[in-house]
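K.L.:
Can you keep this structure in mind? I'll have questions shortly.
Please treat every number below as a calculation from the coordinates, not as lab data. What you see is a predicted model, and the numbers here were worked out from it, not measured in a lab. Glycine gets a Cβ as well: all are built from the backbone with ideal geometry, and neighbour counts include every protein chain shown.
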Amino acid sequence: MKHRYNPVLLAVIALGLVCSLWLNWNRHQVEQANNTVEMAMEYEGLRKLAILQGLSEDQVLREFQKAGINSLMLFDTTIERLTKKGQIQSATTEELRKAASLGADKGVFAAIPQEKLEQNAVFVAAGSDPAVLEDVLEDLQLRYGADRVEIVSQQPRIIRAVGSTDLLPEGRFDEPHGLLQAPLGLPVKDMQKLAGMGFQLIVRPQNYINVNEKQIDSIFQRIAKAGVKVQGFMPCGKEVVGYPNKVEYLGRKLREQDMTLIMLEHYTQLRFAQIDGLIPLAEFNNYKSARSYVIDALEQKKISVATALHRWALTDEERNIRVNYIRPFLLPVEGKDIMETNLQYVRNIKANVEARGYTIGEAGVFAGLAGGGGFAPYFPAKASWLPIVLAIVAGVVLYGSLLFNWNSKTELILWAVFSALGCGLLMLGRGLLTRQLLALAAASVFPVLSMSFLMQLWDKNTTSDHGLAPIIWRGMWQLALAIAVSLVGASFLSAILTDSRFLLEIDIYRGVKLTFILPVVLTAILYLKRHDMLQVVGKGFKSLLDKLNSLLDTGLTFKHVAVLMVFLFIAFYFVGRSGHTGGVPVPAIELKMRAFLEQVMYARPREKEFMIGHPAFFLTVMAVYKCAPRWWQFVLICGAVIGQGSLVQTFCHMRTPVVMSFVRALDGYAVGIIFGIVSVLGVSLLLMLMEKLKRRYMEQ
């Protein structure tokens, strides 16, 4: 087995590390510049709250503005909503027929010709503001066409729209809405009122059937008519306005208006809510986008205000959320009425945001570092990734050389060939698949290299005469060395994936599950090869077939079963715990420990590191310096590399700020030392008790 690493490849890795640190520093600057969080609520939600509390709408708006809400979301209005506000009058065919049969006064609708009452329809007349009626006419014609919308009376002016007038319960989006609840257009008066009160506006229009450019233009014409500045555009429903064939046109309009696209995170906290056309719209808007989070409406009914606050405390910092989409709680808490409950809720969210160094304002976006005015997304030059490609390939070649004992010439030839291939593929198109594969290679190989360095050190030990204090000390500095090498791979991964698409999580790292498994598998292979534990005649890998036959011919013993159980446990528990949905449930005591660590540490470390990987590392050191059986060392070192793989896997979540990921690794090291020392002392005590029992048994 080779014991010397190729100095040329080590130099390439060192150069790549310098370049990756520079790119990560640039990423940090981009993330630091994006430090403004928007506190948003739905305008309609606050109107309903005012009605529930018997308060004036303006009073409620002012109170929430003082509490921290600086932005309001505006949806398309509806005939039903405008009627309730008194801005128009409306009546259905059925209502007018009933009024006629009872001899009741039809009011303004008495002017409707009798023949116009034969079909199901809604009739609309002017209310408190005649200008609103003209907006309704325009919106109805845009949405339904002139063949379904007509003026049936000029004096007074009455509009008829033909179609269903059935009402759906609130919150039902799985069925088509009738005329009364169907989306019309953005309400001019509401936009003017809210902007005049000092709120920022996020508009949420819905798509049209067979959408065309005229319909898209009407959205922006309505905003221009209101004469207000709209900062954000957030899709509503299951598809963006313009889908399927006019999304590019909408993106061009958003760029002209300098609007930020608000992209709502999926409730599983993975990527975005399923909205057709969302990702293409972000592309056409040149990635001027901000991530938003909202607690799912059904889930919010099941959790407490305290639980909700705990989520908001982490959201902005850990997932780069820049629009806090806040829904009100509709039940009183701790003796407070609904109004005060929600005002305090908003105040606490704002306090958490500001305590973490953010300011309240218009949602921040990830912008490039170059000045010159205007917005530009952050996409590093591909040439800046080339040294990192060379370094990652060098790491892969070093691992291969540990297995196959290549000479220096072979190493350099392989490195040159695969580096040229990697660089060439990177320069083709976006190079996304190449970057993903390079990131997977960095995440998988460098944790293994960190263990291989230490294997060489451990192989020099020839005596078991080591006290607990020296073992603990060696565990501390050797774990620090392993983490340092693993962080090299993490730095490469972060640098090769950094751009606006990954920071927004439009693109995601695809190898998360493999990043958990491969370091363990690669370390196991390396350890078995290094110590010839498969007991194949001859040195090294004679052939893949010989190795396979030897493994299949091996008689099963208890130690084999024990090792198999360990790997099954790893696959079930740790890989199962790697997602946000399903999988292995989290125990209540672990949730409490998480909450404690989140309070006392800047970045809560991952349990796979400080509860499993790092304690297993300390026990590996103990097993090595106590000359434990080789199979037990094998099991422990496979457990130890879990911590290193988890450490690098932290950097796969590109939405998390890069500095936080580095600090998380250091926090994991600090807590891991405590768990590691406890593990060593606990196992030592257990071994002493077993030895005492063994002597007592032998004396009998």
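K.L.:
What are the equivalent ellipsoid semi-axes of the range 321-474, built from the alpha-carbon gyration tensor (square roots of five times its eigenvalues), in whole angstrom, biggest first?
P.N.:
The three semi-axes for the range 321-474 are 49, 31, 13 Å.
K.L.:
Right, here's the next one. With an 8 Å cut-off on Cα pairs and a minimum separation of 6 or more residues, tell me the relative contact order of the chain in percent.
P.N.:
In percent, rounded to a whole number, it is 15.
K.L.:
In deg cm²/dmol, rounded to 500, what helix-only [θ] at 222 nm does the chain give when every DSSP H run of at least 4 residues adds -39500 (n - 2.57) and the total is split over its residues?
P.N.:
Rounded to the nearest 500, it is -18000 deg cm²/dmol.
K.L.:
Could you state, as a whole-number percent, how many of the C-alpha pairs of the chain are farther apart than 37 Å?
P.N.:
That fraction is 51 percent.
K.L.:
Spin-label point model (7 Å from Cα, Cβ direction): what's the residue 408 to residue 33 distance in nm?
P.N.:
With each label placed 7 Å out from Cα toward Cβ, I get 4.5 nm.
K.L.:
Still on this structure: Based on Cα positions only, what radius of gyration and what Dmax would you give for the range 318-360, in angstroms?
P.N.:
12.1, 35
K.L.:
Quick one: 3J(HN,Hα) in Hz for the range 477-483, Karplus 6.51/-1.76/1.60 with θ = phi - 60°, rounded, Gly and Pro as x.
P.N.:
Rounded to whole hertz, the list is 6, 6, 5, 4, 5, 4, 5.
K.L.:
On full extension of the chain, what length is gained from residue 464 through residue 674, given 0.36 nm per residue of separation minus the C-alpha to C-alpha distance?
P.N.:
That works out to 73.2 nm of additional length.
K.L.:
Next question. Starting from the Kirkwood Rh over alpha-carbon pairs, what translational D in µm² s⁻¹ does the range 110-197 have by Stokes-Einstein at 4 °C and 1.567 mPa s?
P.N.:
90 µm²/s
K.L.:
A further question follows. Rounded to two decimal places and with Rh computed the Kirkwood way over Cα pairs, what is Rg over Rh for the range 397-545?
P.N.:
A ratio of 1.03.
K.L.:
Still on this structure, I have one more. Under 5 Å between amide H atoms, partner at least 5 residues away or on a different chain: which partners does residue 264 have, H built in plane at 1.01 Å?
P.N.:
273, 292
K.L.:
Further question: Compute the length gained on full extension between residue 94 and residue 384: take 0.36 nm times their separation in residues and subtract their Cα-Cα distance, giving the result in nm to one decimal.
P.N.:
97.5 nm
K.L.:
Provide the three semi-axes, in whole Å and in decreasing order, of the ellipsoid equivalent to the range 141-292 as defined by the square roots of 5 times the Cα gyration tensor eigenvalues.
P.N.:
Over the Cα atoms of the range 141-292, the ellipsoid semi-axes are 28, 20, 16 Å.
K.L.:
At most 14 other Cβ atoms within 10 Å plus a DSSP loop assignment makes a site exposed; report the longest stretch of the chain without any exposed GluC sites (Glu not before Pro).
P.N.:
It works out to 335-700.
K.L.:
Going by Cα centres, the range 303-333 and the range 607-645 are how many Å apart?
P.N.:
39 Å
K.L.:
Go from 0 up to the bin containing the longest alpha carbon distance in the range 194-279, width 10 Å each, and give me the % of pairs per bin.
P.N.:
17, 49, 28, 6
K.L.:
I want to check the label-to-label distance for residue 270 and residue 307. Put each point 7 Å from Cα in the C-beta direction and report it in nm to one decimal.
P.N.:
2.1 nm
K.L.:
Enter the mean projected area of the convex hull around the alpha-carbon atoms of the range 651-700, in nm², rounded to one decimal.
P.N.:
Mean orientational projected area (the range 651-700, Cα hull): 4.5 nm².
K.L.:
Out of all DSSP beta bridges with both ends in the chain, state the antiparallel percent to the nearest 5.
P.N.:
Here the antiparallel bridges make up roughly 40 percent for the chain.
K.L.:
Then there's this: For the chain, with the dipole built from +1 on Lys and Arg beta-carbon atoms and -1 on Asp and Glu ones, taken about the Cα centre, which of 512, 72, 110 lies farthest toward the positive end?
P.N.:
Of the listed residues, the answer is 512.
K.L.:
Considering amide H positions built from the backbone, and no H for Pro or chain starts, which residues 5 or more places from residue 42, or on another chain, come under 5 Å of its amide H?
P.N.:
Placed amide hydrogens put 73 under 5 Å from residue 42.
K.L.:
At 0.36 nm per residue, minus the direct Cα-Cα distance, what do residue 369 and residue 433 gain on full extension? Give it in nm, one decimal, please.
P.N.:
Separation in residues times 0.36 nm, less the Cα-Cα distance, equals 20.5 nm.
K.L.:
Just to check, using Stokes-Einstein with a Kirkwood Rh over alpha carbon pairs, what's the diffusion coefficient of the range 42-82 at 10 °C and 1.306 mPa s in µm²/s?
P.N.:
Approximately 146 µm²/s, per Stokes-Einstein.
K.L.:
Mind giving me the FRET efficiency for residue 687 and residue 298? R0 is 51 Å, r the Cβ-Cβ distance, nearest 0.05 is fine.
P.N.:
The calculated FRET efficiency here is 0.45.
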